[in-house]
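The values are calculated or read from the model by the stated rules, or taken from the named source; none is laboratory data. This is a predicted model, so every value here is computed, not measured. Every residue, glycine among them, receives a Cβ derived from its backbone with ideal geometry; neighbour counts consider all protein chains shown. In case anyone asks, the SASA skips ligands and DNA or RNA and just uses the protein heavy atoms, side chains included. Shrake-Rupley method; radii C 1.70, N 1.55, O 1.52, S 1.80 Å.
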Amino acid sequence: MANSYLTKTFSGAQTNAKKGTFSGWFKLSSGSDTYYRMFVTGADQNNRTDINITNPTGTAGELNMQHYISGTGYFLVTNRLFRDFNAWYHILVSYDTTLATGSDRVKLYVNGTRETSFSTSDMNNIPQNTDLLWGNNSSAHHIGNSPHFSPRFFNGYMSHVSYVDGTALTPTSFGETDSTSGIWKFKQPTGVTWGNNGFHLKFENSAALGTDSSGNTNTFTVNGNLKQAVDTPS
(Lines give C-alpha, C1' and ligand atoms only; values in the text may rest on other atoms or scores of the structure.)
Protein backbone atom coordinates (compact mmCIF):
# COMPACT_ATOMS: atom_id res chain seq x y z
CA MET A 1 0.00 0.00 0.00
CA ALA A 2 3.01 2.30 -0.18
CA ASN A 3 1.40 4.61 -2.74
CA SER A 4 -2.27 3.77 -2.29
CA TYR A 5 -4.99 4.41 0.24
CA LEU A 6 -8.74 4.46 0.79
CA THR A 7 -10.97 7.44 1.58
CA LYS A 8 -14.52 8.00 2.81
CA THR A 9 -16.54 11.01 3.98
CA PHE A 10 -19.63 9.92 5.83
CA SER A 11 -22.94 11.51 4.89
CA GLY A 12 -24.72 11.22 8.24
CA ALA A 13 -24.07 12.00 11.88
CA GLN A 14 -22.16 9.70 14.24
CA THR A 15 -24.02 7.41 16.58
CA ASN A 16 -21.81 8.57 19.46
CA ALA A 17 -18.65 10.68 19.11
CA LYS A 18 -17.51 9.70 22.61
CA LYS A 19 -17.44 5.92 22.08
CA GLY A 20 -16.03 3.71 19.36
CA THR A 21 -13.67 0.91 18.34
CA PHE A 22 -11.08 0.68 15.58
CA SER A 23 -9.78 -2.78 14.67
CA GLY A 24 -7.46 -3.96 11.93
CA TRP A 25 -4.88 -6.57 11.00
CA PHE A 26 -1.59 -5.17 9.71
CA LYS A 27 1.64 -6.56 8.33
CA LEU A 28 4.57 -4.18 7.82
CA SER A 29 6.83 -4.02 4.78
CA SER A 30 10.22 -2.33 4.76
CA GLY A 31 10.31 1.07 3.10
CA SER A 32 11.29 4.69 3.56
CA ASP A 33 8.05 6.03 5.00
CA THR A 34 8.53 7.91 8.27
CA TYR A 35 5.05 7.14 9.56
CA TYR A 36 2.96 4.10 8.67
CA ARG A 37 -0.51 5.67 8.84
CA MET A 38 -3.42 3.33 9.51
CA PHE A 39 -6.57 5.38 10.17
CA VAL A 40 -6.71 9.18 10.03
CA THR A 41 -9.36 11.87 9.95
CA GLY A 42 -9.64 15.56 10.73
CA ALA A 43 -9.66 18.99 9.16
CA ASP A 44 -5.92 19.70 9.42
CA GLN A 45 -2.76 18.96 11.43
CA ASN A 46 -4.17 20.77 14.48
CA ASN A 47 -7.57 19.05 14.42
CA ARG A 48 -7.30 15.30 13.83
CA THR A 49 -7.42 11.80 15.27
CA ASP A 50 -5.04 9.16 13.91
CA ILE A 51 -3.11 6.00 14.64
CA ASN A 52 0.25 5.06 13.13
CA ILE A 53 3.51 3.22 13.60
CA THR A 54 6.56 5.47 13.56
CA ASN A 55 9.40 4.52 11.19
CA PRO A 56 9.78 0.76 11.89
CA THR A 57 12.56 0.57 9.28
CA GLY A 58 14.63 3.13 11.18
CA THR A 59 15.38 3.54 14.84
CA ALA A 60 11.77 3.70 16.00
CA GLY A 61 8.66 1.54 15.57
CA GLU A 62 6.37 2.85 18.29
CA LEU A 63 2.62 2.46 18.02
CA ASN A 64 1.30 5.99 18.26
CA MET A 65 -2.23 7.33 18.70
CA GLN A 66 -2.81 11.07 18.47
CA HIS A 67 -5.77 13.37 19.01
CA TYR A 68 -5.49 17.12 18.33
CA ILE A 69 -8.13 19.76 18.92
CA SER A 70 -7.24 23.38 18.12
CA GLY A 71 -3.54 22.48 18.34
CA THR A 72 -3.72 20.80 21.75
CA GLY A 73 -2.45 17.24 21.42
CA TYR A 74 -3.11 14.07 23.41
CA PHE A 75 -0.94 11.00 22.77
CA LEU A 76 -0.38 7.34 23.53
CA VAL A 77 3.10 6.22 22.40
CA THR A 78 4.19 2.70 23.26
CA ASN A 79 7.57 1.77 24.68
CA ARG A 80 7.21 -1.49 22.79
CA LEU A 81 8.55 -1.32 19.22
CA PHE A 82 6.88 -2.92 16.20
CA ARG A 83 9.52 -4.00 13.68
CA ASP A 84 8.52 -7.54 12.71
CA PHE A 85 8.03 -7.63 8.93
CA ASN A 86 7.03 -11.31 8.90
CA ALA A 87 4.04 -11.37 11.24
CA TRP A 88 0.53 -9.93 11.30
CA TYR A 89 -0.39 -7.57 14.13
CA HIS A 90 -3.98 -7.16 15.30
CA ILE A 91 -4.27 -3.56 16.51
CA LEU A 92 -7.38 -2.36 18.30
CA VAL A 93 -8.28 1.01 19.81
CA SER A 94 -11.28 1.10 22.13
CA TYR A 95 -12.42 4.45 23.49
CA ASP A 96 -15.11 5.69 25.83
CA THR A 97 -14.40 9.23 27.00
CA THR A 98 -17.41 9.25 29.33
CA LEU A 99 -15.50 7.10 31.83
CA ALA A 100 -14.41 8.69 35.11
CA THR A 101 -10.87 7.19 35.06
CA GLY A 102 -8.66 8.99 32.55
CA SER A 103 -6.45 5.98 31.77
CA ASP A 104 -9.50 3.93 30.77
CA ARG A 105 -10.90 6.42 28.26
CA VAL A 106 -8.63 5.28 25.39
CA LYS A 107 -7.19 1.75 25.32
CA LEU A 108 -4.70 0.20 22.89
CA TYR A 109 -4.52 -3.56 22.32
CA VAL A 110 -2.10 -5.61 20.22
CA ASN A 111 -2.85 -9.26 19.49
CA GLY A 112 -5.49 -9.33 22.21
CA THR A 113 -3.33 -7.85 24.97
CA ARG A 114 -3.71 -4.34 26.31
CA GLU A 115 -0.64 -2.10 26.00
CA THR A 116 0.16 -0.47 29.34
CA SER A 117 3.78 0.71 28.95
CA PHE A 118 4.00 4.11 27.27
CA SER A 119 6.77 6.65 26.70
CA THR A 120 4.02 9.27 26.36
CA SER A 121 0.57 8.91 27.85
CA ASP A 122 -1.07 12.34 27.48
CA MET A 123 -4.21 10.50 26.37
CA ASN A 124 -4.78 9.75 30.07
CA ASN A 125 -5.43 13.48 30.46
CA ILE A 126 -7.97 13.78 27.67
CA PRO A 127 -10.98 15.60 29.17
CA GLN A 128 -13.99 13.53 30.11
CA ASN A 129 -16.70 13.46 27.42
CA THR A 130 -14.30 14.54 24.65
CA ASP A 131 -15.60 13.91 21.13
CA LEU A 132 -13.04 12.00 19.03
CA LEU A 133 -13.09 12.64 15.31
CA TRP A 134 -13.31 9.08 13.99
CA GLY A 135 -16.71 8.61 12.40
CA ASN A 136 -17.45 12.32 11.98
CA ASN A 137 -19.17 13.56 8.82
CA SER A 138 -17.17 16.77 8.35
CA SER A 139 -13.79 15.33 7.26
CA ALA A 140 -12.59 12.60 4.93
CA HIS A 141 -11.37 9.40 6.61
CA HIS A 142 -8.14 7.95 5.25
CA ILE A 143 -7.01 4.35 5.60
CA GLY A 144 -3.33 3.94 4.75
CA ASN A 145 -2.43 7.61 4.37
CA SER A 146 -2.58 11.00 6.08
CA PRO A 147 -3.96 13.97 4.12
CA HIS A 148 -2.15 16.38 6.44
CA PHE A 149 1.42 15.20 5.79
CA SER A 150 3.14 14.10 2.59
CA PRO A 151 4.14 11.43 1.93
CA ARG A 152 2.89 9.33 4.85
CA PHE A 153 1.46 6.09 3.51
CA PHE A 154 1.10 2.73 5.20
CA ASN A 155 3.74 0.49 3.66
CA GLY A 156 2.48 -3.07 4.01
CA TYR A 157 -0.64 -5.20 4.10
CA MET A 158 -4.03 -4.73 5.74
CA SER A 159 -6.92 -7.08 6.39
CA HIS A 160 -10.36 -6.79 8.02
CA VAL A 161 -10.14 -3.11 8.89
CA SER A 162 -13.18 -2.13 10.95
CA TYR A 163 -14.67 0.78 12.81
CA VAL A 164 -17.56 0.50 15.28
CA ASP A 165 -19.42 3.77 15.80
CA GLY A 166 -20.84 4.19 19.29
CA THR A 167 -19.55 1.12 21.17
CA ALA A 168 -16.25 0.48 22.97
CA LEU A 169 -15.45 -3.20 22.37
CA THR A 170 -12.71 -5.59 23.47
CA PRO A 171 -10.39 -7.57 21.14
CA THR A 172 -12.43 -10.76 21.56
CA SER A 173 -15.03 -9.30 19.20
CA PHE A 174 -12.46 -9.59 16.38
CA GLY A 175 -9.96 -12.27 17.41
CA GLU A 176 -9.33 -15.29 19.62
CA THR A 177 -6.47 -17.38 20.98
CA ASP A 178 -5.86 -20.60 19.11
CA SER A 179 -6.34 -23.48 21.54
CA THR A 180 -3.43 -25.47 20.09
CA SER A 181 -0.76 -22.89 19.23
CA GLY A 182 -1.69 -20.17 21.71
CA ILE A 183 -1.41 -17.63 18.87
CA TRP A 184 -3.89 -14.77 18.59
CA LYS A 185 -5.87 -15.31 15.38
CA PHE A 186 -8.63 -13.65 13.39
CA LYS A 187 -12.28 -14.49 13.83
CA GLN A 188 -15.28 -13.09 12.01
CA PRO A 189 -16.96 -10.34 14.06
CA THR A 190 -20.47 -11.45 14.95
CA GLY A 191 -23.17 -9.71 16.93
CA VAL A 192 -21.49 -6.30 16.46
CA THR A 193 -23.72 -3.23 16.37
CA TRP A 194 -21.76 -1.14 13.87
CA GLY A 195 -23.56 2.18 14.43
CA ASN A 196 -24.32 4.80 11.78
CA ASN A 197 -20.80 5.27 10.44
CA GLY A 198 -19.29 1.91 11.26
CA PHE A 199 -17.73 -0.26 8.56
CA HIS A 200 -15.96 -3.57 7.97
CA LEU A 201 -13.56 -3.75 5.02
CA LYS A 202 -12.65 -7.36 4.22
CA PHE A 203 -10.75 -6.56 0.98
CA GLU A 204 -12.11 -9.81 -0.47
CA ASN A 205 -13.23 -8.44 -3.86
CA SER A 206 -10.16 -7.52 -5.92
CA ALA A 207 -12.29 -5.35 -8.21
CA ALA A 208 -13.86 -3.41 -5.31
CA LEU A 209 -11.41 -3.39 -2.39
CA GLY A 210 -13.23 -0.58 -0.58
CA THR A 211 -16.48 -2.53 -0.18
CA ASP A 212 -18.09 -2.32 3.26
CA SER A 213 -19.37 -5.65 4.63
CA SER A 214 -20.96 -4.29 7.81
CA GLY A 215 -24.38 -3.83 6.20
CA ASN A 216 -24.05 -0.03 6.32
CA THR A 217 -22.82 0.32 2.70
CA ASN A 218 -20.10 2.68 3.93
CA THR A 219 -17.87 1.79 0.99
CA PHE A 220 -14.49 3.52 0.66
CA THR A 221 -12.95 4.95 -2.52
CA VAL A 222 -9.72 3.31 -3.65
CA ASN A 223 -6.89 5.70 -4.54
CA GLY A 224 -3.65 4.68 -6.24
CA ASN A 225 -2.71 1.17 -7.35
CA LEU A 226 -4.04 -0.78 -4.37
CA LYS A 227 -3.69 -4.53 -4.96
CA GLN A 228 -5.09 -7.63 -3.35
CA ALA A 229 -2.65 -10.14 -1.83
CA VAL A 230 -2.99 -13.77 -0.79
CA ASP A 231 -1.07 -13.14 2.46
CA THR A 232 -3.79 -12.81 5.13
CA PRO A 233 -4.01 -13.24 8.92
CA SER A 234 -6.33 -16.23 8.55
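Please go through segment 1-23 and give me each residue that is open to solvent by less than 30 Å² (accessible area, probe 1.4 Å) and assigned to a strand (DSSP E or B), ordered by number.
Leu6, Thr7, Gly20, Thr21, Phe22, Ser23
Could you list all residues from segment 210-222 that are out of contact with any Asp or Glu (no Cβ under 9 Å at 6 or more places or on another chain), open to solvent by less than 40 Å² (accessible area, probe 1.4 Å) and either among the aromatic types (Phe, Trp, Tyr) or assigned to a strand (DSSP E or B) (or both)?
If the condition is that a residue be out of contact with any Asp or Glu (no Cβ under 9 Å at 6 or more places or on another chain), open to solvent by less than 40 Å² (accessible area, probe 1.4 Å) and either among the aromatic types (Phe, Trp, Tyr) or assigned to a strand (DSSP E or B) (or both), then Asp212 is the only one that fits.
Could you tell me whether any residue of segment 165-182 is within 30 Å of Asn3 (Cβ to Cβ), among the acidic types (Asp, Glu), part of a loop (DSSP other than H, G, I, E, B) and open to solvent by less than 50 Å² (accessible area, probe 1.4 Å)?
Here is the first cut: in segment 165-182, the residues within 30 Å of Asn3 (Cβ to Cβ) are 165, 174-175.
So of that shortlist, the ones also among the acidic types (Asp, Glu) come out as 165.
Still in the running and part of a loop (DSSP other than H, G, I, E, B): none.
Scanning segment 165-182 turns up no residue that is within 30 Å of Asn3 (Cβ to Cβ), among the acidic types (Asp, Glu), part of a loop (DSSP other than H, G, I, E, B) and open to solvent by less than 50 Å² (accessible area, probe 1.4 Å).
When you check Thr57 against the structure, is it over 23 Å from Leu81 (Cβ atoms) and among the β-branched types (Val, Ile, Thr), yes or no?
No; evaluated as a whole, the condition is false for this residue.
Output yes when any residue across segment 183-193 is part of a loop (DSSP other than H, G, I, E, B), basic (Lys, Arg) and free of Cβ contacts under 8 Å to residues at least 24 places away in the same chain, and no when none is.
Taking segment 183-193 as the starting set, the residues that turn out to be part of a loop (DSSP other than H, G, I, E, B) are 183, 187-193.
If we keep only those that are basic (Lys, Arg) too, we end up with 187.
Restricting the remaining residues to those that are free of Cβ contacts under 8 Å to residues at least 24 places away in the same chain gives 187.
Scanning segment 183-193, I find at least one residue that is part of a loop (DSSP other than H, G, I, E, B), basic (Lys, Arg) and free of Cβ contacts under 8 Å to residues at least 24 places away in the same chain, so the answer is yes.
Residues Gly71, Gly102, Gly61: which one is more than 15 Å from Leu132 (Cα to Cα) and open to solvent by less than 50 Å² (accessible area, probe 1.4 Å)? First the steps, then the outcome.
Values: Gly71 fails: more than 15 Å from Leu132 (Cα to Cα); Gly102 fails: more than 15 Å from Leu132 (Cα to Cα).
Within the list Gly71, Gly102, Gly61, the selection yields Gly61.
Could you please let me know if Leu63 is touching a residue at least 40 places away in the same chain (Cβ under 8 Å), of a type in the set (A, V, I, L, M) and touching a Gly at 6+ places or on another chain (Cβ under 6 Å)?
Working: touching a residue at least 40 places away in the same chain (Cβ under 8 Å): yes; of a type in the set (A, V, I, L, M): yes; touching a Gly at 6+ places or on another chain (Cβ under 6 Å): no.
No.
Which one of these is closer than 20 Å to Leu169 by Cα and of a type outside the set (D, E, K, R): Gly42, Gly20, Gly61, Gly73? If you could, list the steps in order and put the result at the bottom.
On the way: Gly42 fails: closer than 20 Å to Leu169 by Cα; Gly61 fails: closer than 20 Å to Leu169 by Cα; Gly73 fails: closer than 20 Å to Leu169 by Cα.
It is Gly20.
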